[in-house]
Amino acid sequence: MSFRRRAAAFWGRHRSLFWMLHSVWALATGVVVLLLARERYAFVPWVVVFLGLTWLSTLFFGSSAREEWTPTLGGEVSSYVTRSLYQETLFFLLPFYAYSTVLRSPNVVFLVLLAGLAILSCLDLVFDRWLRTRPVFGLVFFATVAFAAINLLLPILFSLPTRIATPVAALGAVASSLPLALHGEGRSRAQTLRVGVASALILAIAMAVPALVPPVPLRLQEATFAAGIERETMTPGDPIETGDAAADLPGRLVFLGQVFAPADLRTGVHVEWRQDGTTVRTSREVEIVAHEGGFRVWDGLTEEVTPLGPGRYEVVLRTAAGRWFGRAVVTLR
């Protein structure tokens, strides 16, 4: 028996074991990429390049929709390359969305979706079969990855406001995903119809419920509560910490937030005050141009709005589209 046949026989016997071991390796390297991606905004454009390569690889090497598929050497290599690009792209994007996600807010949903897809992409045998045989899954998967990458890139590279970047990214993601979902042999009319319905749903959710998506790259970097503020210099006076006495407040509680943004970015901001879980004030929308490094935003809660007694005071920062990007809490006794 020739070496090639012996190698093919060995591969056939141990193929499942190899891919299971590779799944563990892929997850480990993904965690490394996740840790190294912190604040690497300069590499974001390269993510879109990798995504384009993944798109071409998936389109060129896409297989039929049949479950009974005999893997060839070329098919295995192309599938491995495609999965690796997906894995590294997802794990690279995760930290950027985690930074802008606010716990107990609607945009946690998108972060959980990204994390789930990242882990799923490491399960080689399952992921490869689903990507090849389930066009709706292929559409949702690639559209989500493409959307996450484009949605992050547009504000950074083109200073596009997040309220515009999100629908543009959704349109681009769905348009690029359709050829992948419908490519290959064996696609039935029912599958094509399901792909069309899934595409419409993705666009509808992105357009109608933008609050589900973190407004990357904005995030609250630092929050200060104080009894007053110097408006011209935006310097807080008499900072207040959790545990301080409410009686020390001179009838006013001020919040000052430092918001991070890696590039010039125009955004509308609302400041919402909650006292013991009840909304007591929402500021008017303030249009702010964030220069490289970010911007500061402040607002005050006074006795005219609500009695400033002991309790839990929470501030939520939202964009004009209602997307949370910051939350701070102080508890007074």
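The values are calculated or read from the model by the stated rules, or taken from the named source; none is laboratory data. Please read all numbers here as calculations on a predicted model, not as lab measurements. Ideal geometry is used to build each Cβ from the backbone, glycine not excepted, and the neighbour counts take in all protein chains shown. The protein model used for the area step is the full one, side chains on, heavy atoms only, and it has no ligands, DNA or RNA in it. Shrake-Rupley method; radii C 1.70, N 1.55, O 1.52, S 1.80 Å.
Protein-only accessible surface at a 1.4 angstrom probe places the residues Arg274, Arg194 in the order Arg194, Arg274, largest first.
Assuming 0.36 nm per residue, please report the length gained on full extension of the stretch Glu222 to Phe158 beyond their Cα-Cα distance.
Details: separation 64, 0.36 × 64 = 23.04 nm, distance 2.57 nm.
Roughly 20.5 nm would be gained on extension.
As a length-normalised measure over Cα pairs under 8 Å and 6 or more apart, the relative contact order of region 195-333 settles at 28 percent. Short-range pairs are left out: with C-alpha atoms under 8 Å and at least six residues apart, the relative contact order of region 264-312 is 38 percent. Remark: relative contact order (region 97-241) = 30 percent; criterion is Cα-Cα distance under 8 angstrom and separation of 6 or more residues. Using R0 = 22 Å, the C-beta based FRET efficiency linking Val136 and Leu171 works out to 0.70. Ignoring ligands, DNA and RNA, what percent of the accessible area of region 211-333 is carbon or sulfur (1.4 Å)? With neighbouring chains kept in place, the figure for region 211-333 is 45 percent.
Potential lengthening of the chain between Trp46 and Thr192 amounts to 49.4 nm, from the contour at 0.36 nm per residue minus the alpha-carbon distance. Note on Asp248 and Leu103: with the Förster distance fixed at 30 Å, the Cβ-Cβ geometry gives a FRET efficiency of about 0.55. Annotation for region 242-276 versus region 85-123: alpha-carbon center distance of 27 Å. Label positions at Thr233 and Arg266, each projected 7 Å from the Cα along the C-beta direction, are separated by 3.2 nm.
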